[in-house]
Amino acid sequence: MKKIFGVYKESGMSSFAVVSKVRRAFNEKKVGHAGTLDLLARGVLVIAVGKDATRSLAREVAKEKEYVAVARFGFTSTTDDEEGEKSVVNVDIKPELEAIKSVVDKFIGEISQVPPIFSAIKVGGKRAYKSARAGQEVKMLARPALVKSIEILDYQYPDLKLKIITGPGVYIRSLARDIGRELGVGGYLADLERTRVGEFTAEEAVKLDKLDGFAKLNG
């Protein structure tokens, strides 16, 4: 009986919506998830069903995560991803791959990272994204983050495709933004797939159209 498992969240669906589907499939109110995925992101969302399983979620959140991400240069975004309002950054020179490699290396290891203002982090007792959407000024403080590795998979300007392995609490949106900023060309996260959380992989994650059958076998 599997009470903690990976579900594959599709782009355009909230993490909460996935939890709601799991509740209905298992007929269980006590369902939680580890490590929220943004609306536009897809990939592995670790789900726990039942009181005992949800108590173990903190351990799942702390596990290593693997992503495939596309950073898009030449623009900035108010949300640091595809959802936000874009601004063009006027640059005369497109970054060469060697320059990108040098900059990317700076973001491997223990780094200081400012989370996106459109995030669920609480600032002054209120979720940052709620304040930002209300037009209020949000001051995000830098926080430590662990980036274990970054591998360049492909580069065709303006898009840089990366494989990233992180510890807990890393914002890939911030990473894309900061790499673009360091290069002087601006940047935002154009695409994101979380391919692994700990031992839970995208290949083995339960697809939403198979969830009811999975629940019958494991409920």
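Listing for the model above:
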{"item": "Distance between segment 143-219 and segment 40-112 - C-alpha centres, whole angstrom", "result": "6"}
{"item": "Candidate values (1) 1.06; (2) 1.25; (3) 0.95, label of the one derived for Cα Rg over 2.2 N^0.38 Å", "result": "(1)"}
{"item": "Total formal charge among the other residues, if their Cβ is under 13 angstrom from that of Lys65, Lys/Arg +1 and Asp/Glu -1", "result": "0"}
{"item": "Inter-label distance for Ala62 and Lys216, nm, one decimal - labels placed 7 Å from Cα along Cα-to-Cβ", "result": "3.9"}
{"item": "Beta bridges by DSSP in the chain, antiparallel share as percent, to the nearest 5", "result": "90"}
{"item": "The chain, relative contact order in percent, only Cα pairs under 8 angstrom and at least six apart counted", "result": "31"}
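We did not get these values from a lab; they are worked out from the coordinates using the rules stated. Since the structure is predicted, the reported quantities are computational estimates derived from the model, not experimental observations. We place every Cβ from the backbone using ideal geometry, glycine too, and count neighbours over all the protein chains shown.
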